[in-house]
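Novice: This is the structure I want to talk about, given as structure tokens.
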Ligand code: KIV
Ligand code: ZN
């Protein structure tokens with residue numbers, strides 16, 4: 001009789017995921033995602049790389065202190081300073097894990113580290129021992145393991161397990177491996193490392209060739225007991241193994257992959273939406289499992305088949321991954337309880353105060369829009385809960401004059417600390433550009449717009465527009481986002497959101513240098 005094996009899901013959305021260009025998140029956003037990951041049922045949350053920045057440190061510390069229900073992990077290079085800092089951030093956790101890494105491949109040894117194989121082993125062992133002096137749960141990653149000579153990889157793995165590593169993670173750092181090869185890398189360790197049974201083998205695949213999910217599955221079939229992945233597959237360059245895809249592959253093809261996870265699959269779509277909305281990284285429509293088209297049937301022959309028997313063209317049920325049965329939900333007469341219930345199904349647990357503020361905005365939206373869809377509600381909640389945390393300036397009013405082929409004119413009033421400031425701006429290539437200039441003039445924030453996206457939050461000509469933009473200030477990119485049924489209003493609020501983030505970041509760095 002075969003016994004179904006449990007595979008640990010190690011989520012690194014907040015660490016490797018955050019390394020996606022343009023995806024950096026503020027503290028409030030990271031806490032929101034950490035809660036969603038707990039609700040999703042992941043086993044380990046890699047909350048950040050504490051030595052990388054004060055912001056990373058604070059996020060790991062807050063997550064470690066406030067979240068229960070998953071192990072909380074912090075990343076460190078294999079040196080005392082990194083490991084001490086990681087522990088400082090993690091020590092309040094009920095279930096902490098320190099993740100130490102050091103590159104092992106010949107390319108990294110020769111060009112990046114300039115170290116001999118023996119020096120690498122000594123440094124790796126010292127790192128694990130240092131981490132072990134703080135806690136029991138230690139993961140070690142030989143970075144670029146998939147391109148490391150198999151014999152040397154065995155030596156490293158044996159040495160770090162002897163030093164106390166409870167998980168050895170095998171990264172395909174550059175996404176170069178193929179499924180057959182990844183399977184062999186793991187099998188080689190299982191067959192040849194004498195103390196391998198004292199540690200869990202993990203796999204961490206990047207997606208440069210689009211093989212991260214396939215490679216992770218091959219690793220599991222050959223003995224790995226942990227998969228490292230991210231929501232929506234976000235991460236460095238082409239990203240990491242996608243959590244929703246790898247979990248649903250194992251669940252849907254349990255005849256091939258006889259493994260279980262603790263993931264509540266109904267939370268996959270809400271979590272995907274939340275991560276997309278926070279990071280500004282849109283999910284492609286045809287993305288497996290969570291894309292908008294993943295369960296949409298267009299061809300007549302498919303629709304006909306679906307009506308006769310769903311399984312003719314569907315291998316998973318949309319409701320099992322968290323798509324709502326019907327997208328059309330609330331209207332003008334819906335009450336607070338219905339809104340709270342819908343919000344919950346979409347992945348948000350609102351406090352009484354948050355519910356009240358979202359409800360007020362919902363009523364305003366319902367006055368302007370007949371049918372309110374899930375996308376509208378998710379966008380409203382995001383905006384209300386996540387957008388307000390660091391707002392210094394807020395919009396009071398604006399008036400735009402537009403004449404054909406004439407520069408637009410905007411009269412903009414913003415408020416800060418009870419005081420209002422008004423400017424009139426009569427320049428810019430369009431109303432959005434004029435608004436950008438006016439916000440810069442009032443707030444005094446120097447920034448230039450690098451990306452600007454407009455997206456409808458749901459269906460219908462009256463659907464609110466969601467504006468997301470990236471503004472550059474002092475060499476750094478800051479995101480701004482807002483929604484409104486009026487695109488000019490949403491644009492002004494999105495620019496303001498970016499300006500407020502810049503001001504908050506500047507305040508933090510002044511405080512840090514004063515301390
Ligand atoms: O891709 C990689 O090698 C990593 C390690 C730090 C695990 O992210
Ligand atoms: Zn990685």
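Novice: Condition first: farther than 11 Å from residue 163 by Cβ, more than 16 Å from ligand 2 (Cβ to nearest atom) and outside any helix (DSSP H, G or I). Now tell me which residues in the range 134-151 satisfy that. Break it down stepwise before answering.
Specialist: Kept after step one, since they are farther than 11 Å from residue 163 by Cβ, are these residues of the range 134-151: 134-137, 139, 141-151.
Subsequent filtering for residues that are more than 16 Å from ligand 2 (Cβ to nearest atom) retains 134-137, 149-151.
134, 135, 136, 137, 149, listed by residue number.
Novice: From the list 322, 347, which one is surrounded by 11 or more Cβ atoms within 10 Å (Cβ to Cβ), in contact with a helix residue (DSSP H, G or I) (Cβ under 8 Å, 6 or more places away or on another chain) and at pLDDT 80 or above?
Specialist: On the way: 347 fails: at pLDDT 80 or above.
Within the list 322, 347, the selection yields 322.
Yes or no, residue by residue, for (1) within 16 Å of ligand 2 (Cβ to nearest atom); (2) touching a helix residue (DSSP H, G or I) at 6+ places or on another chain (Cβ under 8 Å); (3) over 27 Å from residue 344 (Cβ atoms):
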residue: 28; (1), (2), (3): no, yes, no
residue: 33; (1), (2), (3): no, yes, no
residue: 36; (1), (2), (3): no, yes, no
residue: 40; (1), (2), (3): no, yes, no
residue: 45; (1), (2), (3): yes, yes, no
residue: 55; (1), (2), (3): no, yes, yes
residue: 64; (1), (2), (3): no, yes, no
residue: 79; (1), (2), (3): no, yes, yes
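Novice: Which residue is surrounded by the fewest Cβ atoms within 10 Å (Cβ to Cβ), if the candidates are limited to the range 106-144 and must be within 26 Å of residue 175 (Cβ to Cβ), out of contact with any helix residue (DSSP H, G or I) (no Cβ under 6 Å at 6 or more places or on another chain) and touching a residue at least 40 places away in the same chain (Cβ under 8 Å)?
Specialist: The selected residue is 107.
Novice: Consider residue 234 carefully, then state whether it is over 20 Å from residue 3 (Cα atoms), modelled with pLDDT of 95 or more, under 25 Å from the mean Cα position of the chain (by Cα) and within 16 Å of ligand 1 (Cβ to nearest atom). Before you say what the answer is, go through the steps one by one.
Specialist: Values: over 20 Å from residue 3 (Cα atoms): yes; modelled with pLDDT of 95 or more: yes; under 25 Å from the mean Cα position of the chain (by Cα): yes; within 16 Å of ligand 1 (Cβ to nearest atom): yes.
Answer is yes for this residue.
Novice: Also: Pick from the range 457-502 the residues that are in a strand (DSSP E or B) and touching a residue at least 60 places away in the same chain (Cβ under 8 Å): which of them is surrounded by the most Cβ atoms within 10 Å (Cβ to Cβ)? Walk me through it before giving the result.
Specialist: Residues of the range 457-502 in a strand (DSSP E or B): 465-473, 476-484.
Then drop every residue that is not touching a residue at least 60 places away in the same chain (Cβ under 8 Å), which leaves 466, 468, 470, 477, 479, 481-483.
On the way: 466: 26, 468: 24, 470: 19, 477: 16, 479: 22, 481: 23, 482: 25, 483: 31.
Of everything passing the filter in the range 457-502, 483 is surrounded by the most Cβ atoms within 10 Å (Cβ to Cβ).
Novice: Ok, one more. When you scan the range 1-23, how many residues do you find that are more than 16 Å from ligand 1 (Cβ to nearest atom) and in a loop (DSSP other than H, G, I, E, B)? I'd like the intermediate steps shown before the answer.
Specialist: Initially, the range 1-23 is screened for residues more than 16 Å from ligand 1 (Cβ to nearest atom), giving 1-7, 22.
When the remaining residues are screened for being in a loop (DSSP other than H, G, I, E, B), the result is 1-4, 7, 22.
Here the count works out to 6.
Novice: Further question: Regarding residue 131, is this residue in a loop (DSSP other than H, G, I, E, B) and either within 16 Å of ligand 1 (Cβ to nearest atom) or outside the structural domain of residue 191 (by TED's automatic domain parsing) (or both)?
Specialist: Working: in a loop (DSSP other than H, G, I, E, B): no; either within 16 Å of ligand 1 (Cβ to nearest atom) or outside the structural domain of residue 191 (by TED's automatic domain parsing) (or both): yes.
Answer is no for this residue.
Novice: Now for a separate question. Quick check on my filter: what residues within the range 98-127 are within 16 Å of ligand 2 (Cβ to nearest atom) and within 26 Å of the chain's Cα centre (by Cα)?
Specialist: Result: 99, 100, 101, 102, 103.
Novice: Condition first: within 12 Å of ligand 1 (Cβ to nearest atom), out of contact with any strand residue (DSSP E or B) (no Cβ under 8 Å at 6 or more places or on another chain) and farther than 25 Å from residue 267 by Cβ. Can you find one or more residues in the range 151-166 that meet it? Even if it seems obvious, please write down each step before you answer.
Specialist: The first filter runs over the range 151-166 and keeps only residues within 12 Å of ligand 1 (Cβ to nearest atom), leaving none.
No, the range 151-166 contains no residue that is within 12 Å of ligand 1 (Cβ to nearest atom), out of contact with any strand residue (DSSP E or B) (no Cβ under 8 Å at 6 or more places or on another chain) and farther than 25 Å from residue 267 by Cβ.
Novice: Here's something else I'd like to know. Which of the residues that make up the range 227-239 are out of contact with any helix residue (DSSP H, G or I) (no Cβ under 6 Å at 6 or more places or on another chain) and either crowded, with 24+ Cβ neighbours inside 10 Å or not assigned by TED's automatic domain parsing to the domain that holds residue 142 (or both)? Steps first, answer last, please.
Specialist: Applying the first criterion (out of contact with any helix residue (DSSP H, G or I) (no Cβ under 6 Å at 6 or more places or on another chain)) to the range 227-239 yields 228, 233, 237-238.
Scanning the range 227-239 gives 228, 233.
Novice: Here's a follow-up. Could we say that residue 278 is buried (at least 20 other Cβ atoms within 10 Å of the Cβ), touching a helix residue (DSSP H, G or I) at 6+ places or on another chain (Cβ under 9 Å) and modelled with pLDDT of 85 or more here?
Specialist: Numbers: buried (at least 20 other Cβ atoms within 10 Å of the Cβ): yes; touching a helix residue (DSSP H, G or I) at 6+ places or on another chain (Cβ under 9 Å): yes; modelled with pLDDT of 85 or more: yes.
The answer is yes for residue 278.
Novice: On the basis of being assigned by TED's automatic domain parsing to the domain that holds residue 269, within 16 Å of ligand 2 (Cβ to nearest atom), in contact with a helix residue (DSSP H, G or I) (Cβ under 7 Å, 6 or more places away or on another chain) and over 24 Å from residue 269 (Cα atoms), does residue 49 make the cut? First the steps, then the outcome.
Specialist: Details: assigned by TED's automatic domain parsing to the domain that holds residue 269: yes; within 16 Å of ligand 2 (Cβ to nearest atom): yes; in contact with a helix residue (DSSP H, G or I) (Cβ under 7 Å, 6 or more places away or on another chain): yes; over 24 Å from residue 269 (Cα atoms): yes.
Yes.
Novice: Next question, about the same structure. Give me the pairs, please: first residue somewhere in the range 9-24 and closer than 16 Å to residue 98 by Cα, second residue anywhere and modelled with pLDDT under 95 and within 13 Å of ligand 1 (Cβ to nearest atom), beta-carbon distance under 8 Å, and either six or more positions apart or on two chains.
Specialist: These pairs meet every condition: 16/236.
Novice: Okay, next question. Collect the residues in the range 37-63 that are surrounded by fewer than 24 Cβ atoms within 10 Å (Cβ to Cβ), away from ligand 1 (no atom under 16 Å from the Cβ) and in a helix (DSSP H, G or I), keeping them in residue-number order.
Specialist: 38, 39, 54, 55, 57, 58, 61, 62
Novice: Has the range 53-62 got any residue that is more than 16 Å from the chain's Cα centre (by Cα) and free of Cβ contacts under 8 Å to residues at least 12 places away in the same chain?
Specialist: yes
Novice: Among the numbered criteria (1) free of Cβ contacts under 8 Å to residues at least 40 places away in the same chain; (2) within 16 Å of ligand 2 (Cβ to nearest atom), which one does residue 284 miss?
Specialist: The single condition residue 284 does not satisfy is (2).
Novice: If I ask for residues that are touching a residue at least 40 places away in the same chain (Cβ under 8 Å), touching a strand residue (DSSP E or B) at 6+ places or on another chain (Cβ under 9 Å) and surrounded by fewer than 24 Cβ atoms within 10 Å (Cβ to Cβ), which ones from the range 85-96 would you list?
Specialist: If the condition is that a residue be touching a residue at least 40 places away in the same chain (Cβ under 8 Å), touching a strand residue (DSSP E or B) at 6+ places or on another chain (Cβ under 9 Å) and surrounded by fewer than 24 Cβ atoms within 10 Å (Cβ to Cβ), then 87, 95, 96 are the ones that fit.
Novice: Scan the range 185-194 and tell me whether some residue there is assigned by TED's automatic domain parsing to the domain that holds residue 243, within 15 Å of ligand 1 (Cβ to nearest atom) and buried (at least 22 other Cβ atoms within 10 Å of the Cβ).
Specialist: Let us first name the residues in the range 185-194 that are assigned by TED's automatic domain parsing to the domain that holds residue 243, namely 185-194.
This time we only want the ones that are within 15 Å of ligand 1 (Cβ to nearest atom), so: 185.
Of the ones still in play, those that are also buried (at least 22 other Cβ atoms within 10 Å of the Cβ) are 185.
Yes: the range 185-194 contains one or more residues that are assigned by TED's automatic domain parsing to the domain that holds residue 243, within 15 Å of ligand 1 (Cβ to nearest atom) and buried (at least 22 other Cβ atoms within 10 Å of the Cβ).
Novice: Take residue 317 and decide whether it is outside the structural domain of residue 465 (by TED's automatic domain parsing), touching a strand residue (DSSP E or B) at 6+ places or on another chain (Cβ under 6 Å) and modelled with pLDDT of 80 or more.
Specialist: Details: outside the structural domain of residue 465 (by TED's automatic domain parsing): yes; touching a strand residue (DSSP E or B) at 6+ places or on another chain (Cβ under 6 Å): no; modelled with pLDDT of 80 or more: yes.
Answer is no for this residue.
The values are calculated or read from the model by the stated rules, or taken from the named source; none is laboratory data. Treat the numbers as computed from the prediction; the structure is a model and nothing was measured. With ideal geometry, Cβ positions are generated from the backbone for all residues, glycine too; neighbour counts draw on all protein chains shown.
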